[in-house]
Amino acid sequence: MTRTVLVLALAGFAASAFTAPALADPPQPKIVVLDRAAILQFSKVGQDIARQMQTYANQAKADLSAQGRSLQNEGRALQQQVAILAPDVKEKRLEAFRAKEQALQGAAQRKDEQLKAGFAQARMTMEQALGPILQQLVKERGANLVLDKQAVVFANAAGFDVTADAINRLNQKLPSLKVNLNAPPPAAPKK
């Protein structure tokens, strides 16, 4: 019987150790909604970034297309010569051509990564400027929760959306931004 009492006492102690302490009621949510895609699309700085990225992408496409056409012409000429070349010369020229193809693919990959890194850096800079603006809007509205508009399924009033105010204030604070294609890629967020 003493053993049973001891087991029950230990079980009771263990159960009390794992019960959660009483938590205070969480605050009532006061929500505002922000459309990040609209900010990127309609703010002056977002449009400036998009314009620069389009220019850089068009320039990269033109450069790589010209190199690609040159390589295609060289490939056609090589195909015509292959039949009359000695096997060792033929193999050397084919290897050299393959190396040029790989170099062009590598250049395209690097240019793509450079464009993505430049865009990510510009967007991060824009969002850093947006942070204090959003904090001020939250404070002014007495909100304690911000949702991205993409996450909202239904709202029965438009008063939740602070996107237009955020765009107007961002336009004043940061109307343009130079996209730096030589910027290092942004660091991954720390967890």
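Taken over the stretch 137-173, the criterion of being in contact (Cβ under 8 Å) with a residue 60 or more places away in the chain and in a helix (DSSP H, G or I) is satisfied by 137, 138, 141, 149, 150, 160, 163, 166, 167, 170, 171.
Checked across the stretch 177-189, the condition of being of a type in the set (Gly, Ala, Ser) and surrounded by 13 or more Cβ atoms within 10 Å (Cβ to Cβ) holds for at least one residue. In the stretch 115-122 there is at least one residue that is out of contact with any strand residue (DSSP E or B) (no Cβ under 8 Å at 6 or more places or on another chain) and closer than 30 Å to residue 75 by Cβ. Take the conditions (1) touching a helix residue (DSSP H, G or I) at 6+ places or on another chain (Cβ under 7 Å); (2) under 21 Å from residue 41 (Cα atoms); residue 160 misses just one of them, which is (1). Only one entry in 177, 181 is modelled with pLDDT of 90 or more, within 26 Å of residue 63 (Cβ to Cβ) and assigned to a loop (DSSP other than H, G, I, E, B), namely 177. Can you find a residue that is modelled with pLDDT under 90, in a helix (DSSP H, G or I) and surrounded by 15 or more Cβ atoms within 10 Å (Cβ to Cβ) anywhere in the stretch 124-136? Looking through the stretch 124-136, none of the residues is modelled with pLDDT under 90, in a helix (DSSP H, G or I) and surrounded by 15 or more Cβ atoms within 10 Å (Cβ to Cβ). Filtering the stretch 28-78 to residues that are loosely packed, with under 11 Cβ neighbours inside 10 Å, among the small types (Gly, Ala, Ser) and within 29 Å of the chain's Cα centre (by Cα) leaves 62, 65.
Scanning the stretch 75-118 for residues that are charged (D, E, K, R) and closer than 30 Å to residue 57 by Cα yields a count of 9.
The values are calculated or read from the model by the stated rules, or taken from the named source; none is laboratory data. Nothing here was measured: the structure is a model prediction, and the numbers come from that model. Ideal geometry is used to build each Cβ from the backbone, glycine not excepted, and the neighbour counts take in all protein chains shown.
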